[in-house]
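Structure first, then comments.
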Amino acid sequence: MKIMSINCGSSSLKFKLFEMPEEKVLAEGIFERIGMEMGDYKISQFGSKKDYTEVALPDHSVAVELLLNELLKRGIVNSLEEIKGVGHRVVQGGKYFTESALVDEWSKGKVRELIDLAPLHNKAHLIGVEAFEKHLPGVKQIFVFDTSFHNRGMKEEAFMYAVPWRWYTEYGIRKYGAHGTSHEYLSKECARLMGKDVKDVNIITCHIGNGASLAAIEGGVCKDTSMGLTPLEGVPMGTRTGNIDPTVVSYIAEKEGKDAKTVVNELNKKSGYLGLSEYSSDARDLEEKEEQGDERAKLVFNVQAKRVVDYIASYWMYLGGKVDAIVFSAGIGENSPQFRERICARLFPIGVKIDKEVNNQRGKAFKFSTADSKIECWCIPTDEEVVIARDTVRLTQK
Ligand code: AMP
């Protein structure tokens, strides 16, 4: 059965076509600069190189039409009827969704209602759904929420902010988290690699890419996570601050004659690695600088490392001091031995010991803690798309 996994952004559409239940990727690619004067797309078929085409992509519907035509033209599918389901990543599911859901009028209405909390993302997801409704009529579609893994597990004490209660009841102000699909995948995959049932292990997952979040997972249930109402909360990231004193917003607004929205935009887009380094939001650029002896680049990484370790330490406490594994994933977590070493070196008080030689690998799953480490340390590439495909199979077969 062929299943499509889709991640729609405001000007992009990423896809992976799976043969299920084998979980074999038949094709994958990305359409970018949708809605701009000139767009482009890259598609790679199983076993072949990615090829690149420049073409105008006025809207998502044109991109979906092109994608389906390419699948037919390349013989990846012989007929569109072979595609039995389409799963969409959705950034914000709010309080409504603790599980993935079939796309219907009710669920679309809720995703629409949540646009205020994730303006660019949720709007784009709905546009993606409508494009597939038009070009694959009758094919079941599924919403897979970034928030539902967290929403299913966190207790009130973990997700409530200490703000006026009315803000919560009237506006839904609370922690929702993000990257839930990745954290869920990583915890299950880590348990599998450890040869254990996920119900029997406690795991702290660190999804550290351009966006970064951590989660405390007890027996497969998420107890806490670092992102909040929006992805701005938590640890410093490529361009986001992570936690700061909210007074900074009114202070800078007053000093620079800006409104709160503009300042918050700078906290999202001009801060983190980029803001502190005044050089780049990309970890590779900063690692290169650090190797050349650049003190600022070193400081940037140390600021982030301190905060990441603050979270790991607090999650260790929250999980009762019983943590079986720490998982590192996403662009930086998977690919940067320096990042993992910097974090793990600060975790020696809770008994973490790593093998630096083993750690010096990237982009694949491996354990790099020593045999006498009290907590296992794993590097595991994340795979949100396969979770979307699995949920799509499960819900379309119901
Ligand atoms: P993501 O958002 O998960 O795609 O992660 C993007 C981040 O991963 C960027 O900061 C990249 O610099 C970083 N990254 C990717 N490859 C490497 C690498 N080999 N070493 C260090 N950082 C990397």
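Quick one: what pairs do we get from the stretch 67-92, first residue more than 30 Å from Leu232 (Cβ to Cβ) and part of a loop (DSSP other than H, G, I, E, B), second among the charged types (D, E, K, R) and modelled with pLDDT of 95 or more, C-beta under 8 Å, 6+ apart or different chains?
Close Cβ pairs (under 8 Å, with a partner that is among the charged types (D, E, K, R) and modelled with pLDDT of 95 or more) amount to Val77/Lys2.
Confirm whether Gly363 is modelled with pLDDT under 95 and either within 23 Å of the chain's Cα centre (by Cα) or over 18 Å from Ile208 (Cβ atoms) (or both).
Numbers: modelled with pLDDT under 95: yes; either within 23 Å of the chain's Cα centre (by Cα) or over 18 Å from Ile208 (Cβ atoms) (or both): yes.
When the stated conditions are applied, Gly363 passes them.
Among residues belonging to the stretch 125-156 that are among the hydrophobic types (A, V, I, L, M, F, W, C) and in a helix (DSSP H, G or I), point out the one that is surrounded by the fewest Cβ atoms within 10 Å (Cβ to Cβ). Steps first, please.
Just the residues of the stretch 125-156 that are among the hydrophobic types (A, V, I, L, M, F, W, C), to begin with: 126-127, 129, 131-132, 136, 139, 142-145, 149, 154.
Cutting the leftovers down to in a helix (DSSP H, G or I) gives us 126-127, 129, 131-132, 149.
Numbers: Leu126: 20, Ile127: 18, Val129: 23, Ala131: 22, Phe132: 23, Phe149: 29.
In this case the residue turns out to be Ile127.
Checking Ser250 against (1) of a type in the set (Ser, Thr, Tyr); (2) assigned to a loop (DSSP other than H, G, I, E, B); (3) exposed (fewer than 14 other Cβ atoms within 10 Å of the Cβ), only one condition comes out false. Which one?
Just one mismatch for Ser250, condition (2).
Restrict the check to the stretch 347-364 and report whether at least one residue is assigned to a loop (DSSP other than H, G, I, E, B) and touching a residue at least 40 places away in the same chain (Cβ under 8 Å). Spell out the reasoning first.
Quick first cut of the stretch 347-364, residues assigned to a loop (DSSP other than H, G, I, E, B) only: 347, 351-353, 355, 360-364.
Filter again for touching a residue at least 40 places away in the same chain (Cβ under 8 Å), leaving none.
Looking for residues that are assigned to a loop (DSSP other than H, G, I, E, B) and touching a residue at least 40 places away in the same chain (Cβ under 8 Å), one finds none in the stretch 347-364, hence no.
Residue-wise test of (1) out of contact with any helix residue (DSSP H, G or I) (no Cβ under 7 Å at 6 or more places or on another chain); (2) at pLDDT 95 or above; (3) within 16 Å of the ligand (Cβ to nearest atom).
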{"residue": "Thr147", "(1), (2), (3)": "no, yes, no"}
{"residue": "Trp167", "(1), (2), (3)": "yes, yes, no"}
{"residue": "Cys206", "(1), (2), (3)": "no, yes, yes"}
{"residue": "Val221", "(1), (2), (3)": "no, yes, no"}
{"residue": "Val249", "(1), (2), (3)": "no, yes, no"}
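Conditions: (1) more than 16 Å from the ligand (Cβ to nearest atom); (2) of a type in the set (Lys, Arg); (3) more than 30 Å from Glu19 (Cα to Cα). Lys398 meets all but one. Number of the miss?
Unmet condition: (3).
So, Gln338, is that one farther than 22 Å from Ala215 by Cβ, under 22 Å from the mean Cα position of the chain (by Cα) and in a helix (DSSP H, G or I) or not?
Values: farther than 22 Å from Ala215 by Cβ: yes; under 22 Å from the mean Cα position of the chain (by Cα): yes; in a helix (DSSP H, G or I): yes.
Yes.
State whether one or more residues within the stretch 333-348 are of a type in the set (Val, Ile, Thr), more than 12 Å from the ligand (Cβ to nearest atom), over 20 Å from Lys298 (Cβ atoms) and buried (at least 18 other Cβ atoms within 10 Å of the Cβ). It would help to see each step written out before you state the result.
Applying the first criterion (of a type in the set (Val, Ile, Thr)) to the stretch 333-348 yields 343.
So of that shortlist, the ones also more than 12 Å from the ligand (Cβ to nearest atom) come out as 343.
Filter again for over 20 Å from Lys298 (Cβ atoms), leaving none.
So far as the stretch 333-348 goes, no, none of its residues is of a type in the set (Val, Ile, Thr), more than 12 Å from the ligand (Cβ to nearest atom), over 20 Å from Lys298 (Cβ atoms) and buried (at least 18 other Cβ atoms within 10 Å of the Cβ).
For the stretch 308-318, enumerate the residues that are under 11 Å from Ala216 (Cβ atoms), surrounded by 19 or more Cβ atoms within 10 Å (Cβ to Cβ) and of a type outside the set (Ser, Thr, Tyr).
Those that are under 11 Å from Ala216 (Cβ atoms), surrounded by 19 or more Cβ atoms within 10 Å (Cβ to Cβ) and of a type outside the set (Ser, Thr, Tyr): Ile312, Trp316.
Working carefully through the options Glu287, Glu341, find the one that is within 25 Å of His179 (Cα to Cα) and without any contact (Cβ under 8 Å) to a residue 24 or more places away in the chain.
Details: Glu287 fails: without any contact (Cβ under 8 Å) to a residue 24 or more places away in the chain.
Exactly one residue qualifies, and that residue is Glu341.
Kindly provide the set of residues from the stretch 23-51 that are part of a loop (DSSP other than H, G, I, E, B) and either surrounded by 13 or more Cβ atoms within 10 Å (Cβ to Cβ) or modelled with pLDDT of 95 or more (or both), ordered by number. Outline the logic, then answer.
Here is the first cut: in the stretch 23-51, the ones part of a loop (DSSP other than H, G, I, E, B) are 23, 33-38, 46-50.
Hits for the stretch 23-51 are Glu23, Arg33, Ile34, Gly35.
The values are calculated or read from the model by the stated rules, or taken from the named source; none is laboratory data. None of the values given here were measured: they were computed from a predicted structure. Cβ sites come from the backbone with ideal geometry, for glycine too, and all protein chains shown count toward neighbours.
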